[in-house]
1. Going by what's in this entry, would residue 114 be described as of a type in the set (Phe, Trp, Tyr), touching a residue at least 60 places away in the same chain (Cβ under 8 Å) and within 20 Å of residue 265 (Cβ to Cβ)?
2. Among the residues of region 302-337, count how many are at negative phi, at pLDDT 95 or above and in a loop (DSSP other than H, G, I, E, B).
3. Quick one: how many residues across region 282-301 are more than 11 Å from residue 221 (Cα to Cα) and outside any loop (DSSP other than H, G, I, E, B)?
4. Is it the case that region 248-259 has a residue that's buried (at least 23 other Cβ atoms within 10 Å of the Cβ), modelled with pLDDT of 95 or more and either over 21 Å from residue 125 (Cα atoms) or more than 19 Å from the chain's Cα centre (by Cα) (or both)?
5. For the condition part of a helix (DSSP H, G or I), surrounded by fewer than 18 Cβ atoms within 10 Å (Cβ to Cβ) and touching a residue at least 12 places away in the same chain (Cβ under 8 Å), what is the one hit in 97, 88, 62?
6. Consider only pairs whose beta carbons are under 9 Å apart and that are at least six residues apart or on different chains; among these, list those whose first residue lies in region 244-258 and is assigned by TED's automatic domain parsing to the domain that holds residue 282 and whose second residue is among the basic types (Lys, Arg).
7. Checking residue 239 against (1) touching a residue at least 40 places away in the same chain (Cβ under 8 Å); (2) hydroxyl-bearing (Ser, Thr, Tyr); (3) in contact with a Ser or Thr (Cβ under 6 Å, 6 or more places away or on another chain): exactly one of these is not met. Which one?
8. When you scan region 52-103, how many residues do you find that are aromatic (Phe, Trp, Tyr) and either in contact with a Ser or Thr (Cβ under 9 Å, 6 or more places away or on another chain) or over 23 Å from residue 269 (Cα atoms) (or both)?
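The values are calculated or read from the model by the stated rules, or taken from the named source; none is laboratory data. Just so it is clear, the model here is predicted, and its values are computed rather than measured. Here Cβ is always computed from backbone atoms with ideal geometry, including for glycine, and neighbour counts include all displayed protein chains.
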Amino acid sequence: MVSRVRVWLNRTYAENVFFMDQLRRNPSDRAVDIHATHGDADSPVLAAADTADLEPEGLSPAGYVEYALDQCRRRGIDVFVPRLHQAAIVAHRADFAAAGTALLAPPPEAVAVFHDKVIAYEAVQAIGVPVPPWRRVRTADELVSAVEELEADGHTACFKPASGAGGVGFRVITRTPFSLAQLSGFPAPYVQLDMVVEALEQADEQVDWLVMPRLEQPEVSVDCLTGPDNRIRLSIGRTKNGRRRGFTLQEQWLEPARRIAEGFGLHYLSNIQFRMFGDVPVLMDVNTRPAGGLHQLSLCGVNAPWAAVQLALGEDPGEIVPPFLGQDYAIVSGPRQLRAVSLPQQRVEETEPLPAAVPAPVDSVEVGQAAQALPL
């Protein structure tokens with residue numbers, strides 16, 4: 001009899017309820033139990049899990065590693081998919097292996113390269129992957145100099161933190177004076193240069209930003225599955241152009257993504273994002289974790305989460321070629337049930353399994369005919 005697989009997702013994005021759905025709908029019909037932890041008691045991932053704990057706040061990275069090891073031992077975790085404190089966790093891979101847990105995450109060297117976007121851009125340039133022009137800035141004077149340089153070349157300047165994820169801190173620079181026009185409609189990413197300069201001059205500490213041209217669409221996120229042998233098993237591009245989403249297997253996107261994933265050992269699931277600089281696709285960002293939109297590959301007949309768990313368990317799924325590419329689609333929101341019982345604050349000991357969530361439609365954020373034929 002094939003044993004049940006126990007998978008843990010720590011403090012992850014709400015969209016990963018679909019990651020969990022796909023693990024349960026794996027093609028082998030193997031039983032999967034999912035444990036989830038989060039700092040927010042109302043996170044949908046807690047309700048979607050079979051068991052859940054509320055994570056303690058204020059732990060240092062080292063303290064969190066001890067907490068995670070304890071969770072793995074007590075919960076009998078087979079595969080751990082870490083997002084929070086990923087760098088600290090992967091540095092202790094041997095300790096997790098001794099506890100009987102495989103980490104579904106790259107080695108520490110790969111995580112370190114892509115934690116800092118400057119190091120990442122320099123590293124991928126060295127292997128021939130194009131990147132946009134960029135400057136690292138820490139002061140108001142450096143910001144103004146970088147913006148003026150880009151504007152002189154006809155570009156619109158933007159900035160983002162040198163480290164970070166999910167578009168947090170991204171802003172587009174404008175010289176249009178602040179007016180009521182900025183207070184109508186929905187908030188936009190545009191920020192006035194003079195306001196940013198004033199904020200920097202009044203700050204007590206320096207920032208650490210990358211200033212670069214605003215890149216053009218399409219945006220293509222390439223989801224990669226790479227084995228511990230550094231060999232790609234799966235690479236599919238998800239395209240974004242305004243509201244329209246789709247898929248691509250064009251080599252102008254996949255080839256540089258494979259070069260990065262294999263060249264830097266981005267084991268298991270990674271997401272490598274590109275945009276256009278002129279007529280050249282350039283690297284925008286690299287995520288050393290599963291993307292929040294990974295489940296959208298189900299529209300291509302692919303169950304990437306389960307293939308990744310197989311790899312982590314030492315069961316090679318082989319090269320995965322999508323049987324078809326799903327039609328273009330749009331994203332809409334949909335409800336997910338929250339937990340039915342309260343989790344005690346700061347509780348780290350074992351809790352009772354949560355009541356089963358009301359099943360959602362298959363990957364309910366997708367719209368399109370392709371969603372009608374999803375057995376995954």
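1. Values: of a type in the set (Phe, Trp, Tyr): yes; touching a residue at least 60 places away in the same chain (Cβ under 8 Å): yes; within 20 Å of residue 265 (Cβ to Cβ): yes.
Here the answer is yes, as residue 114 does meet what is asked.
2. Count: 16.
3. 7
4. Within region 248-259, none of the residues are buried (at least 23 other Cβ atoms within 10 Å of the Cβ), modelled with pLDDT of 95 or more and either over 21 Å from residue 125 (Cα atoms) or more than 19 Å from the chain's Cα centre (by Cα) (or both).
5. Selected residue: 62, the only one of 97, 88, 62 that is part of a helix (DSSP H, G or I), surrounded by fewer than 18 Cβ atoms within 10 Å (Cβ to Cβ) and touching a residue at least 12 places away in the same chain (Cβ under 8 Å).
6. Correct list of pairs: 245/238; 246/238; 246/240; 247/238; 248/238.
7. Against the list (1) touching a residue at least 40 places away in the same chain (Cβ under 8 Å); (2) hydroxyl-bearing (Ser, Thr, Tyr); (3) in contact with a Ser or Thr (Cβ under 6 Å, 6 or more places away or on another chain), residue 239 comes up short only on (1).
8. If we filter region 52-103 for residues that are aromatic (Phe, Trp, Tyr), which is where we start, we get 64, 67, 80, 96.
Filter again for either in contact with a Ser or Thr (Cβ under 9 Å, 6 or more places away or on another chain) or over 23 Å from residue 269 (Cα atoms) (or both), leaving 67, 80.
Residues meeting the conditions: 2.
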